Amino acid sequence: MSESPLKGTLVFEPIKVGDVTLSNRIVYCPTTRFRAAKSSQEVGAHLPSDLMLEYYSQRAQYPGTLLVTEATYVSRAAGGYDDVPAISTEEETKAWKKIVDAVHAKKSFISLQAWFLGRVADPRVLKKEGQKYVAPSAIYPDSKSEHLSAKAELPLTELTLEEIDRLIKVDYTEAAKNAMKAGFDMFEIHGAHGYLPDTFLHENSNQRKDKYGGSIENRARFILDLIDHLCTVIPPSKLAIRLSPWAEIQGIYEETSPIPQFSYLLDQLQKRANDGKELAYISVVEPRVQGVVTVDLDTMKGSNQFVEEVWKGITLRAGNYTYDAPEFKQIKQDVANGRTLVGFSRFFTSNPDLVYKLKNDPSKLVKYQRKLFYQPYNWGYNTFDGKDYDEETEKKRYARPIQRSEANL
Ligand SMILES: Cc1cc2nc3c(=O)[nH]c(=O)nc-3n(C[C@H](O)[C@H](O)[C@H](O)COP(=O)(O)O)c2cc1C
């Protein structure tokens, strides 16, 4: 037995989140794995697969744990990668229900992460699926996207006000309703990492001249309109959002501090909470990571301390919480306020029993293999093999484009 497991600490005290009570404060954070299957009628593969069913059931094994699903398209228009699940048809909703039921059978809980790619989408995939390529402003995230867009003859276009309205009232709304039909405990808007909602927040991706751009208030308006509308569709206690104030990836960068923009948004969400519309949780990505890559602690930029000063509800923080294992001082410090959950993604890929290991014996943690994150088929997914890992190969592979699969069942 190694020293300092988290057993007996606040991490293993129950906590109410939304309408459910978790047995512990360790959360599986969203982790895209490209294992959706092809339905009979479609061009793309967006049907939650039985591989996924097994994957989530394994990670639900410690009763009372909260899992957040991989990012999931709210509609066909939201897409732009192959092999990502959606929750917009009856068939997809039913396939998700099987997964939700399996997680509930283990007495754990599950939140759906709702995705709209926007300008980060692959225009070739959108073209193939007959969709538009849209963003708050027609600003490509990088030259590669611009090139692919020209090749696909599908230019990036600025969303019209009518399109924004439809996106909120139809795309996200139908997905939220479907998530409730499937029995999800929560619906988490993916507002991080340069995808559509996040691109509204940043000046370098939002140069709109209407009510959705031009000022801090206007740049926050899309997310607030979306949340206000969804609160009329599902209970606020079932709604959540993920934000990444410090992420500078996928074309997002900050010329000034992100704190004023994000504080305003959080303050608005706190005001709604004070009026009886409190979200289940707000998830934030820690600056210890940039996307899926660990940041050197010496060069790390910023801190999420401001988040918990403004937002008084439940916060879920994630990003390299193993850096000080096995002492886990950071986890103990962050949960001390009694309203913070700590999220893991990479170590959950290689440790389906992560919660047990953190509780009892962190020395048994198996290092993840980056090259297996997005591998098609089952190897390294439900049959994780901890062999064959080396840092150099990992880095090289990460720099290469992700390989995508056809159907994975
Ligand atoms: C393979 C992989 C896929 C990911 N997919 C998503 C995703 O779908 N949505 C999301 O918000 N974050 C995604 N992330 C980011 C994680 O949720 C998390 O913020 C990040 O990995 C840092 O946490 P960690 O250090 O515990 O891995 C992904 C990370 C990995 C490694």
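Derivation of every value follows stated rules applied to the coordinates shown; laboratory data play no part. No experiment lies behind these values; they were computed from the predicted model shown. Every residue, glycine among them, receives a Cβ derived from its backbone with ideal geometry; neighbour counts consider all protein chains shown.
In the stretch 234-245, how many are buried (at least 18 other Cβ atoms within 10 Å of the Cβ) and within 25 Å of residue 182 (Cα to Cα)?
Taking the stretch 234-245 first, the residues buried (at least 18 other Cβ atoms within 10 Å of the Cβ) are 236-245.
Next, from what is left, pick out any that are within 25 Å of residue 182 (Cα to Cα): 236-243.
Matching residues across the stretch 234-245 total 8.
Scanning the stretch 125-134 for residues that are among the charged types (D, E, K, R) and assigned to a helix (DSSP H, G or I) returns 127, 128. For the stretch 18-124, which fully contained strands (runs of 3 or more DSSP E) count at least 3 residues that are under 29 Å from residue 194 (Cα atoms)? The qualifying strands (runs of 3 or more DSSP E) are 26-28, 66-68, 109-115.
Residues of the stretch 88-117 that are within 16 Å of the ligand (Cβ to nearest atom) and either under 14 Å from residue 42 (Cα atoms) or not β-branched (Val, Ile, Thr) (or both): 96, 111, 112, 113, 114, 115, 116, 117. Looking across the stretch 316-333, the residues that are crowded, with 21+ Cβ neighbours inside 10 Å and touching a Ser or Thr at 6+ places or on another chain (Cβ under 7 Å) come down to 316, 317, 318, 328. Test residue 248 against the stated conditions and say whether it is surrounded by fewer than 19 Cβ atoms within 10 Å (Cβ to Cβ) and touching a strand residue (DSSP E or B) at 6+ places or on another chain (Cβ under 9 Å). Yes; evaluated as a whole, the condition is true for this residue.
Within this structure, residue 288 fails the test of being within 30 Å of residue 140 (Cα to Cα) and buried (at least 22 other Cβ atoms within 10 Å of the Cβ). Evaluated against (1) crowded, with 23+ Cβ neighbours inside 10 Å; (2) under 26 Å from residue 93 (Cα atoms), residue 199 falls short on exactly one condition, (2). Before we move on, is residue 160 within 23 Å of residue 257 (Cβ to Cβ) and β-branched (Val, Ile, Thr)? Answer is no for this residue.
With respect to being surrounded by fewer than 20 Cβ atoms within 10 Å (Cβ to Cβ) and either acidic (Asp, Glu) or under 21 Å from the mean Cα position of the chain (by Cα) (or both), residue 308 fits the description. Of the residues examined, residue 95 is not one that is under 15 Å from the mean Cα position of the chain (by Cα) and either more than 18 Å from residue 118 (Cβ to Cβ) or not charged (D, E, K, R) (or both).
Evaluated against (1) within 13 Å of the ligand (Cβ to nearest atom); (2) of a type in the set (Lys, Arg); (3) more than 18 Å from residue 190 (Cβ to Cβ), residue 339 falls short on exactly one condition, (1).
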